[in-house]
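Below is one structure; the comments refer to it alone.
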Amino acid sequence: MQLRFVGCGDAFGSGGRLNTCLHVTGERVNFLIDCGASTLPALKRLGIARENIDLILITHFHGDHFAGLPFLLLDAQFSRRTRPLVIAGPEGIEMRLTQVMEALFENSSKTKQRFELSIVALSPQETRNFGAVKVTPFPVVHGDSGGPFLAYRVEAEGRVIAYSADTEWTETLIPLARDADLFIAEAYTYDKAVKNHLSLKTLETHLAEINPKRLILTHMSDDMLGRLDALSHTAASDGMMIEI
Ligand SMILES: [Zn+2]
Ligand SMILES: [Zn+2]
């Protein structure tokens, strides 16, 4: 399997980085995790075929993880997509998607897609299978608006990918990512405590217990981006592709 960081930035374009979107492909899977506002141009820049994506998992409803969907759905319609598409995310996703479609492109939520579109609400700790992708959501802690907030443990093709989403430290990150082949973790700041977000220093105090086989840091603020050369961990960059 391959995972590509289509975008790994925060909400404010720190370091000129694009909003969060991860693209996972394998022999039997092709899906996105998160779809931030900049996702469509980022996918096009990387030459990623949108029509082959079967599933989009959304962690929460902040614009840097969610606001790319109206652009993607309109693009799918205009490019005459025929393949079914599943969009899955926290409770309330159907209403939130309608709202963001209407806010950005009036009446667009009323258009009947040429392709089969399924919107699926996920609940914490309830594992769901989407084709060959097994998804277990874990509740995380990220403030009062834009939730519910889910992190995902995804199993596919014999590998486990865990993604923290945006969160402050919470004990659910341990079962989320324990022994995972790849743990993609937010490291918003280096050691500064910021409400609703995770610092690298806090994450490090729990890494032994989580024991991921591989760790990649993402969603970094300018504070972290200024320290990349001195870090002993791998940090994501836009367009970066890894084998899992
Ligand atoms: Zn974010
Ligand atoms: Zn967020």
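Where does each of 91-103, 134-146 land if you order them by average Cβ count within 10 Å, highest first? Can you show the working numbers first?
Working: 91-103: 15.8, 134-146: 18.7.
In descending order of packing, they fall as 134-146, 91-103.
For K201 and R178, compute 0.36 nm times the residue count separating them, minus their Cα-Cα distance, and round to one decimal in nm. Provide the component values of the computation, followed by the final result.
Values: separation 23, 0.36 × 23 = 8.28 nm, distance 1.82 nm.
Residue separation times 0.36 nm, minus the Cα-Cα distance, leaves 6.5 nm.
What does DSSP give for the stretch 141-216 in terms of the percent of beta bridges that are antiparallel, rounded to the nearest 5?
Numbers: 5 of 11 bridges.
So the antiparallel bridges amount to about 45 percent of the total.
Could you check the simple spin-label distance between D222 and K134, using points 7 Å along Cα→Cβ, in nm with one decimal?
With each label placed 7 Å out from Cα toward Cβ, I get 4.5 nm.
Calculate the length of the line joining the C-alpha centroid of the stretch 179-244 to that of the stretch 130-165, in whole Å.
17
Could you tell me what percent of the accessible area of the stretch 1-86 is made up of carbon and sulfur, with a 1.4 Å probe and every protein chain present? Can you show the working numbers first?
Numbers: 1580 of 3080 Å².
The C+S portion of the solvent-accessible surface of the stretch 1-86 is 51 percent.
Run lengths n ≥ 4 of DSSP H only: what is the helix-derived mean residue ellipticity at 222 nm for the chain, with -39500 (n - 2.57) per run over all residues, to the nearest 500?
Values: 7 runs with 53 residues, N = 244.
The helix-only estimate for the chain comes to -5500 deg cm²/dmol at 222 nm.
Can you send over the carbon and sulfur percentage of the accessible area for the stretch 105-244, probe radius 1.4 Å, protein chains only? Can you show the working numbers first?
Numbers: 2990 of 6530 Å².
Answer for the stretch 105-244 is 46 percent, counting heavy atoms of protein chains only.
Once you list every other residue whose beta carbon is under 11 Å from the beta carbon of R17, what net charge do they have if Lys and Arg are +1 and Asp and Glu are -1? Walk me through the numbers before you get to the answer.
On the way: positive: none; negative: D10, D64, D222, D238.
For residues surrounding R17, the net value is -4.
Please tell me the relative contact order of the chain in percent, rounded to the nearest whole number, where contacts are Cα pairs under 8 Å and at least six residues apart. List each step's numbers first, then the result.
Values: 577 pairs, mean separation 44.8, N = 244.
Reported relative contact order: 18 percent.
Only Lys, Arg, Asp and Glu count, each charged at its Cβ (+1, +1, -1, -1), so figure out the dipole size of the chain about its Cα centre, rounded to 20 debye. Before the final figure, lay out the partial values.
Details: 24 positive and 30 negative charges, 158 e Å.
So the dipole magnitude of the chain works out to roughly 760 debye.
By the scheme Lys and Arg +1, Asp and Glu -1, what is the net charge of all other residues having a beta-carbon under 12 Å from that of I33?
Numbers: positive: R4, R153; negative: D34.
Overall, the nearby charge balance is +1.
Looking at N19, M220, A180, which one has the Cα that reaches farthest to the positive end of the dipole of the chain (charges on Cβ: Lys, Arg +1; Asp, Glu -1)?
Farthest along the dipole direction, towards plus: N19.
Between the helical axis of 93-104 and the dominant principal axis of the chain, each derived from Cα atoms, what acute angle in degrees is found, rounded to the nearest 10?
For 93-104 against the chain, the angle is about 70 degrees.
Using only Cα atoms, tell me the angle between helix 69-78 and the longest principal axis of the chain; keep it within 0 to 90° and round to the nearest 10.
Value to nearest ten degrees: 40.
Which percentage, to the nearest 5, of the DSSP beta bridges contained in the chain is antiparallel?
Values: 26 of 48 bridges.
Here the share of antiparallel DSSP bridges comes out near 55 percent.
Determine the relative contact order of the stretch 33-83: mean sequence separation of Cα pairs under 8 Å and six or more apart, normalised by residue count, in whole percent. Walk me through the numbers before you get to the answer.
Values: 53 pairs, mean separation 25.7, N = 51.
Once normalised by length, the contact order is 50 percent.
Quote to one decimal, in nm, the extra length available between E243 and V120 on full extension: 0.36 nm per residue of separation minus the C-alpha distance between them. Working shown, then result.
Numbers: separation 123, 0.36 × 123 = 44.28 nm, distance 2.84 nm.
Length difference between fully extended and current span is 41.4 nm.
Report ³J(HN,Hα) in whole Hz for each residue of the stretch 142-155, in order, from the Karplus equation J = 6.51 cos²θ - 1.76 cosθ + 1.60 where θ = phi - 60°; Gly and Pro get x.
For the stretch 142-155, the Karplus curve yields 8, x, 9, 10, x, x, x, 10, 10, 9, 10, 9, 10, 10 Hz.
Taking 22 Å as R0, compute the FRET efficiency from the Cβ-Cβ separation of R28 and S79 and round it to 0.05.
Values: r = 24 Å, r/R0 = 1.08.
Once the sixth-power term is evaluated, E becomes 0.40.
If you line up the long axis of helix 200-210 against the longest principal axis of the chain, both from Cα atoms, how many degrees apart are they, to the nearest 10?
So the inclination is approximately 90 degrees.
If contacts are Cα pairs under 8 angstrom and at least 6 residues apart, what is the relative contact order of the stretch 19-111 in percent? Please report the intermediate quantities before stating the final value.
Values: 138 pairs, mean separation 24.1, N = 93.
About 26 percent, as a whole number.
Positive end of the charge dipole of the stretch 31-83 (Lys, Arg +1 and Asp, Glu -1 on Cβ, about the Cα centre): tell me which of G63, L43, I33 has its Cα farthest that way.
Of the listed residues, the answer is L43.
The values are calculated or read from the model by the stated rules, or taken from the named source; none is laboratory data. Worth saying up front: this structure is predicted, and the values here are computed from it rather than measured. Note that we place each Cβ from the backbone using ideal geometry, even for glycine, and neighbour counts take in every protein chain shown. In case anyone asks, the SASA skips ligands and DNA or RNA and just uses the protein heavy atoms, side chains included. Shrake-Rupley method; radii C 1.70, N 1.55, O 1.52, S 1.80 Å.
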